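A.B. asks: One structure, as structure tokens, below. Some questions next.
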Amino acid sequence: MQRLQFFLSESPWESELVNDRRLELLHEESGTAPHAGGVIVIDDSGDRKDGTATAHVGRQWLGRLSKTESRIVTVTTVWTDGRVYYPLHATPYTPAHHFARSRSDPAFRTKPQLVAALAARGKEAGFGCRAVVADCAYSVSEDWYLALRTAGLAYVVALKPHRGTWARADQPHTPIEAAQALTCKDAKHPGDWTPVERHFRDGHTETWWAADARLGGYGPDSPGRLVVATTDPARLPEKATWYLAANLPHPDAPHATTSAHSPADLAEIVRLYGLRPWIEQSYKQIKDELGWADFQVRSARAIRHHQTLVNCAFSFCRPMVRPTRRPRCHRAGPMPRRGAREGDRPRPTSLTGQGHYAPSVLDSPPSSPSTGSGEPGRTRTHPPSSRP
């Protein structure tokens, strides 16, 4: 216990250098190397911590408990293409009361500012992406948009359905009003809507509907687009409808040939945002399996050390190449009889025919058809041979 405490709190190793080396290994491995079709997903997550002597602690909203508690919030980035996913960078958020001049202090950074800087760092580290993807919590920050534009990053971010914007009296004022203004009779007469087929990890597909809407400065001919995706254009169900802002140009837009980003059709926009739940899946595994918040240290340096070690453990536990479907059983043969020697155990065979695959406790379940959002399944399941 004392050695571990010293290793986290007093040992002089630099967490940033260790994390950089981890990313180099992921970049060099063919099974985890990034490519232009992936995304960088950004989000923040909090964990309850009592007391006031621990760095970064403050009373903030805790989503897991649905109330305001004393906690530590960390902003994170994850790279994923739906086949593999792993954390890139993480930075604890420091509340304003820790600074001498509160929010006016030059060193203070908001969560959107921190996470935009992390996305830019991911690009600089060689983890290119088609777009940065985020939920609606970041769509209200002008600093976030400015930071991404400065870094030359495209984005697909969710908008709050009822968040208003300036417009003429006879025009829509919220994203949901803009969606309701689109024409649609039925599946045979979709009007402004286009069918989009979504593919899930467990092999099933769903047909969604997507359209470019007009709201304020958003439009298919504008630098900023408002894309609405839903399972039912007539009813726009709350839990199966996305309102997405993106700066990827429409293929027919006048500025499509001069834009810094290649054009994207509706199916591409929907695919990119459909990858966002993988950061939620990584949170579940990092926290439930690897003890992200189970540290007993107080200094900012020690907390960063702990988080870096957890991200290293996640990366080493992940399979190098993921199969498209999970086999029913990972074992190559029956389990050895009780008392058999270690060398008598059957060796597992390759499941993919290429690369490496190591079943682990972090092997995620396939997505659930009932979610309707491409989100990985919520039930924690362990393969028969996945015991550590």
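The values are calculated or read from the model by the stated rules, or taken from the named source; none is laboratory data. What you see is a predicted model, and the numbers here were worked out from it, not measured in a lab. Reconstructed Cβ throughout: ideal geometry from the backbone, glycine too, with neighbour counts over all protein chains shown. In case anyone asks, the SASA skips ligands and DNA or RNA and just uses the protein heavy atoms, side chains included. Shrake-Rupley method; radii C 1.70, N 1.55, O 1.52, S 1.80 Å.
A.B. asks: Ignoring everything but the protein chains, give the 1.4 Å probe accessible area of S222 in square angstrom, nearest 10.
C.D. replies: 30 Å²
A.B. asks: Can you tell me which of 22-33, 3-14 comes out highest on packing, and rank the rest after it, using the mean Cβ neighbours within 10 Å?
C.D. replies: So the peptides 22-33, 3-14, ranked by packing, come out 22-33, 3-14.
A.B. asks: If I histogram all Cα-Cα distances within the range 199-270 using bins 10 Å wide from 0, what percent of pairs lands in each bin?
C.D. replies: Histogram of Cα-Cα distances, whole percents per bin: 20, 45, 27, 8.
A.B. asks: Could you check the simple spin-label distance between E197 and T52, using points 7 Å along Cα→Cβ, in nm with one decimal?
C.D. replies: Placing both labels 7 Å along Cα→Cβ, they lie 6.1 nm apart.
A.B. asks: Moving on to the next point. Take each of the peptides 269-281, 195-207, 242-254, 104-116, average the number of other beta-carbon atoms within 10 Å over its residues, and list them starting from the highest. Before the final figure, lay out each step's value.
C.D. replies: On the way: 269-281: 22.6, 195-207: 14.5, 242-254: 20.2, 104-116: 17.6.
The most tightly packed comes first, giving 269-281, 242-254, 104-116, 195-207.
A.B. asks: Step through the residues of the range 209-220 one at a time and calculate ³J(HN,Hα) from phi using the Karplus curve (6.51 cos²θ - 1.76 cosθ + 1.60, θ = phi - 60°), rounding each to whole Hz and writing x for Gly and Pro.
C.D. replies: 10, 9, 7, 8, 10, 10, 7, x, x, 7, x, x
A.B. asks: Here's another thing I want to ask about it. Multiply the residue separation of D143 and E280 by 0.36 nm, subtract the distance between their alpha-carbon atoms, and state the gained length in nm to one decimal.
C.D. replies: This chain segment gains 46.9 nm when fully extended.
A.B. asks: Provide C184, C312 ordered by accessible surface of protein heavy atoms (probe 1.4 Å), highest first.
C.D. replies: Numbers: C184 50, C312 20 Å².
In descending accessible area the options line up as C184, C312.
A.B. asks: Related question: Going by amide H atoms built from the backbone, whose H comes under 5 Å of the H on L88, apart from near neighbours?
C.D. replies: When sequence neighbours closer than 5 places are left aside, the close amide H contacts are T77, V78, W79.
A.B. asks: Quick one: accessible area per residue over the range 46-157, 1.4 Å probe, rounded to a whole number of Å²?
C.D. replies: 42 Å²
A.B. asks: Can you pull the Kirkwood radius for the range 108-252, inverse mean 1/r over Cα pairs, to one decimal in Å? Display every interim value, and only then the final one.
C.D. replies: Values: mean 1/r = 0.0606 Å⁻¹.
Hydrodynamic radius (Kirkwood, Cα only) of the range 108-252 equals 16.5 Å.
A.B. asks: Compute the label zone of K188 within the range 210-251: residues whose backbone N is under 20 Å from the point 7 Å along Cα-to-Cβ.
C.D. replies: 232-235, by backbone N distance to the label point.
A.B. asks: Relative to the compact globular guide of 2.2 N^0.38 Å, what is the alpha carbon radius of gyration of the range 185-327, as a ratio?
C.D. replies: After normalising by residue count via 2.2 N^0.38 Å, the value is 1.41.
A.B. asks: First obtain the Kirkwood hydrodynamic radius of the range 28-160 from its Cα pairs, then insert it into the Stokes-Einstein equation at 4 °C and 1.567 mPa s, and state the resulting D in µm² per second as a whole number.
C.D. replies: Approximately 82 µm²/s, per Stokes-Einstein.
A.B. asks: When the chain is fully extended, how far beyond the present Cα-Cα distance does S30 get from H162, taking 0.36 nm per residue of separation?
C.D. replies: Roughly 43.2 nm would be gained on extension.
A.B. asks: Still on this structure, please answer the following. How many Å² of accessible area per residue for the range 213-296, probe 1.4 Å?
C.D. replies: Using a 1.4 Å probe on heavy atoms only, each residue of the range 213-296 averages 42 Å².
A.B. asks: Largest first and in whole Å, give the semi-axes of the range 1-78's equivalent ellipsoid, each being the square root of 5 times a Cα gyration tensor eigenvalue.
C.D. replies: They are 30, 23, 9 Å, listed largest first.
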